Amino acid sequence: MAKSEKYKALAPPMPMPQLSYQVTPLPKYNVGDSWKTWSLLFKVYVEERSTLSDKNKKVALVSCLLIKAVEELQAICKPDDPLDDHVKFEDLQNGLSRRFLELTNDTLERNKFFQLKMGSSSLKEFASALKKAAASCKFPSTYYDMAFTDGFILGVPDYIRSMLIRGKPANLATALESAENIQLSKSSLNACPQSSANLSINQV
């Protein structure tokens, strides 16, 4: 064997070509996160592993969900288990999309609700506006009355809000009544200096 061929045979193997980009770990999905954004990241994750079987895709999906999201997945599949052979990966993905897109929309509507402000409306008009806005928020029945009260307190002027927070009204009706009394008291106080000044002038 020629010397050059001998050295060639002993040479280390050529390194494997490296990817031109870094594959970052997929963040776990939590209920309340943007499903639209996360599902796109998961799609990329699966595409990078194009040889995955349907079963392995399901395993990857479940492993990338946090506990609450897994519970939602189990609820969608009942009475089946998400990893049962007859349950398809595509069906799981579509079911989660329907569920979490709906939850995301509810979250956005609730966020808008709690940012509503009284502005130039009257207290009663603002309370009515809250009731209309709540129709698209789908608040849990156990939180419904509290949501109205919290939204009302957050949206009224600062001087009313600070007094309501101290008083801790139990419901919207009580909060509205207290707010009207606070507003009336402030109006009366604002009128007092003018009345006193007029009285002094009349006395002179």
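Taken together, the values in this text are just the output of simple stated rules run on the coordinates, not laboratory data. This one's a predicted model, so the numbers in the text were calculated from it and none came from an experiment. Note that each Cβ is placed from the backbone with ideal geometry, even for glycine, and that neighbours are counted across all protein chains shown.
Would you mind checking which residues have amide H under 5 Å from Tyr29's amide H? H placed 1.01 Å from N; only 5 or more apart, or other chain.
Correct list: Leu65, Leu66.
Over the Cα atoms of region 17-115, Rg to Rh with Kirkwood Rh, two decimal places? Numbers along the way, then the final one.
Numbers: Rg = 15.1 Å, Rh = 14.7 Å.
My calculation puts Rg/Rh at 1.03.
Which whole-angstrom value gives the distance between the alpha carbon centres of region 83-110 and region 34-80?
10 Å
Quick check for region 114-198: number of Lys pairs with alpha-carbon distance under 19 Å, counting only pairs 8 or more apart or on different chains? Mind dumping the intermediate values first?
Numbers: Lys117/Lys131; Lys117/Lys132; Lys124/Lys132; Lys124/Lys168; Lys124/Lys186.
So the count works out to 5.
Packing-wise, with mean Cβ within 10 Å as the measure, how do 40-46, 184-190 rank, highest first? List each step's numbers first, then the result.
Working: 40-46: 14.6, 184-190: 10.3.
The most tightly packed comes first, giving 40-46, 184-190.
From the mean inverse distance of alpha carbon pairs (Kirkwood) and the Cα radius of gyration, derive Rg over Rh for region 114-198.
On the way: Rg = 14.7 Å, Rh = 13.7 Å.
On the Cα set of region 114-198, Rg over Rh gives 1.07.
Over region 59-167, what number does the Rg to Rh ratio reach, with both radii from the alpha-carbon atoms and Rh per Kirkwood?
We get a ratio of 1.19 for region 59-167.
Enumerate the lysines that Lys36 could reach by cross-link, defined here as Cα to Cα under 17 Å, with residues fewer than 8 away along the same chain left out.
Straight-distance partners of Lys36: Lys28.
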